[in-house]
Amino acid sequence: MYILLIGYLFVIVMFAAVVGASNWVFGLFFFVVLAVLPTWFIFWLQRRIQQKKHKQVEHKEMP
């Protein structure tokens with residue numbers, strides 16, 4: 001999964017660099033909207049799932 005994320009981020013960074021060559025505001029906008037927000041959402045979702053699993057395991061261990 002991480003290799004897909006790295007490839008996706010590479011493509012988006014290159015796209016933002018091309019768009020940003022003419023106007024840096026658009027480049028920054030595309031980078032934030034297409035790279036930072038989806039990546040943050042994926043990591044947040046994975047962390048939330050891990051916390052749920054940890055809470056279930058912790059709850060099962062308690063008598």
Item to check | Long-range neighbours under 6 Å by Cβ, at least six apart or interchain, first residue over 15 Å from Pro38 (Cα atoms) and surrounded by 11 or more Cβ atoms within 10 Å (Cβ to Cβ) within the range 5-26, second of a type in the set (Asp, Glu) and at pLDDT below 90 | outcome: none
Item to check | Matching residues, the range 25-61, being in contact with a helix residue (DSSP H, G or I) (Cβ under 6 Å, 6 or more places away or on another chain) and more than 15 Å from Met14 (Cα to Cα) | outcome: none
Checklist entry - Hey, among Val32, Val36, Val18, which residue is in a helix (DSSP H, G or I) and over 11 Å from the mean Cα position of the chain (by Cα)? => result Val18
Item to check | Check on Ile49, of a type in the set (Val, Ile, Thr), assigned to a helix (DSSP H, G or I) and under 12 Å from the mean Cα position of the chain (by Cα) | outcome: no
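The values are calculated or read from the model by the stated rules, or taken from the named source; none is laboratory data. Worth saying up front: this structure is predicted, and the values here are computed from it rather than measured. Cβ: placed from backbone, ideal geometry, glycine included. Neighbour counts: every protein chain shown.
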